[in-house]
1. With the condition being farther than 22 Å from Pro48 by Cα, I'd like the strands (runs of 3 or more DSSP E) fully within the stretch 451-556 carrying at least 2 qualifying residues.
2. Take the residues in the stretch 476-493 that are of a type in the set (D, E, K, R) and in contact (Cβ under 8 Å) with a residue 60 or more places away in the chain; name whichever of them is least open to solvent (accessible area, probe 1.4 Å).
3. Pick from the stretch 49-74 the residues that are out of contact with any Ser or Thr (no Cβ under 6 Å at 6 or more places or on another chain) and of a type in the set (Gly, Ala, Ser): which of them is nearest to Ile544 (Cα to Cα)?
4. Sort through Ser469, Ser521, Ser498, Ser491 and tell me the only one that's modelled with pLDDT under 95 and within 29 Å of Thr101 (Cα to Cα).
5. I need every pair where a residue in the stretch 180-208 that is surrounded by fewer than 20 Cβ atoms within 10 Å (Cβ to Cβ) has its Cβ under 8 Å from the Cβ of a residue that is in a helix (DSSP H, G or I) and not aromatic (Phe, Trp, Tyr), sequence separation at least 6 or different chains.
6. Among residues belonging to the stretch 449-466 that are touching a residue at least 60 places away in the same chain (Cβ under 8 Å) and in contact with a Gly (Cβ under 9 Å, 6 or more places away or on another chain), point out the one that is surrounded by the fewest Cβ atoms within 10 Å (Cβ to Cβ).
7. Conditions first: (1) closer than 25 Å to Tyr261 by Cα; (2) modelled with pLDDT of 95 or more. Val178 passes all but one, so which condition is the exception?
8. Suppose we keep only residues that are of a type in the set (Val, Ile, Thr) and more than 14 Å from the chain's Cα centre (by Cα) within the stretch 325-357. Which one would you say is surrounded by the most Cβ atoms within 10 Å (Cβ to Cβ)?
Amino acid sequence: MNSITHQQNNCPALKKSKSRQKINHFTDVQGLPCIEKIVSSVADTPDPINTDIIGKIPEWINGSFLRNGPGKFEIGNQKFNHWFDGMALLHQFKISHGQVTYKSRFLSSDSYQANKECNRIVVSEFGTVTMPDPCKNFFQRFLSRFELPKPSDNANVSFVTYKGDYYVSTETNIMHRVDPETLQTTKKVNWSKFIAVNGATAHPHTEPDGTTYNMGNSYSAKGAHYNIIRVPPTKETEDETLEGATVLCTIAPVDKSKPSYYHSFAMSENYVVFIEQPIKMDLLTIVTGKLRGKSISDGVYWDPSLNTVFHLIDKKTGKVSSVKYLAKPLSTFHQINAYEEDGFLIVDMCASDDGEAISNYNIQNLRKSGEALDEVYNTLCRSFPRRFVLPLNVDHDTPYHQNLNRPNTTATSIRTNKKKVFCTHEDLHGDDLDQYGGMEFPQINYGKYNTQPYRYFYGCGFRHLVGDSLIKMDLHGKHMKVWEQPGLYPSEPIFVPSPDATEEDDGVILSVVITPNKENSTFLLVLDARTFEELGRAGVPVNIPYGFHGTFNATS
């Protein structure tokens, strides 16, 4: 079936085993299809090719749907270990007057060029550590193990914008400015040349005026710090990049040698919200990794003995709230939205109760089949949409040990001491989401509703290691609509508003759908965002790996 609306029904494939009922959202799935071709290397297609249109692509859609993700998983006879390590492949679906062309280009990063020139992996990535060059003598190989790992510029996570320009980004200190029309790299940009940070997330937030906020760590002999970054909206010269960027504030981890890993953060109208989660980075393990033949991923671990901490930072003053909002240990990669209402800060996110997921996305796991594949999936905790409601006005008169939240939410906030409030969440879904394996890659009508009260969000259902359905969630009643087809794996849904739209969901959803068991049949899917019915698809006569994030670059 193409599109269905669910209230509540049962799916035998996702029943929990009785022995694991106590483990939240862990599953007992059997018979998952093999998806190894989702992480198979492909050639790029730098010249635009036509697509085969089925149905109808609305003629008002004019622009480029840009996607980023790994596209090459081995160099010579060496293989990358982790899904996050593959060489960045940039994709463009150019939509105009109901027609679509496709092209792709490998990012011309230093990492890519060095690997290609040596025909071996010479730059370490998140889950892959490079070995000493066999052509060097023994003494040179020995000394090379004591070198600090150089940051990779393999920006394979997302497309982002600063000052109106497009960049591709990962989580190191290096981004690449890219021409969205040609997909060619126009400039390498190093965050540390402008501010004292050693990296930044691939998920900045942008204000309506173009001011952009991000987060990045800084490392020194005294340990790590978290930094809130602000980039101005405009540039004084055409070639300008991150000039004018400032560190709005700095936050010290509880343990400066073991800061938390974070993939993104939340932002409301007046606050940046940093969620310090119990996924930790052991800096000593990471720094000495090359000496021991270990990758960065070996220094990342889950510590469920720690609480999650919400830090609130005033965007105007840079002041960090003295009140710390605590929650039980959780793992979150992507937030949905955040906004302020009646003295409360509402933070919506996709989250799970376990932080082991990163280590399970090794490429060999994605390429497994049969019982081995099922075992990998069943040991992953599902991610679900959740809401936390944080009371902003906590002072000496605020009572202790009672729920401070409004009665219109099941989320609670309880003041436990002078500067601490313990919070529990409200589920933003009904039981029917369980059968779709939870949700990730959330998106909203960002241009109009980011930092504002909203009703709808979109994401991928995860009945496999990657998304295998598209879901629209309506917060009014927590009803959901689903698009799914057997054997098809849709990627992150991007909302594009209709011209002169008056309703929040007046527009389309764009998603690239991967077909691992059918050659040269990937397609761009276009759904009516309101009904979630398929409008059309543009078939691409080449294979495309499953990617991470994208954006729509509208043209007049």
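1. 456-461, 469-474, 479-483, 494-497, 507-514, 523-528, 534-539
2. Restricting to residues being of a type in the set (D, E, K, R) and in contact (Cβ under 8 Å) with a residue 60 or more places away in the chain, the top hit is Glu484.
3. Within the stretch 49-74, the match that is nearest to Ile544 (Cα to Cα) is Gly71.
4. Answer to the selection: Ser521.
5. Lys188/Asp110; Asn198/Ser192
6. By that ranking, first place goes to His464.
7. Tallying (1) closer than 25 Å to Tyr261 by Cα; (2) modelled with pLDDT of 95 or more, Val178 fails exactly one: (1).
8. Of everything passing the filter in the stretch 325-357, Val347 is surrounded by the most Cβ atoms within 10 Å (Cβ to Cβ).
The values are calculated or read from the model by the stated rules, or taken from the named source; none is laboratory data. Note that the structure is predicted; figures quoted are calculated from it, not measured. All Cβ positions, glycine included, derive from the backbone under ideal geometry; neighbour counts span all protein chains shown. Please note that ligands, DNA and RNA were not included when accessible areas were found on the heavy atoms of the full protein model with its side chains. Shrake-Rupley method; radii C 1.70, N 1.55, O 1.52, S 1.80 Å.
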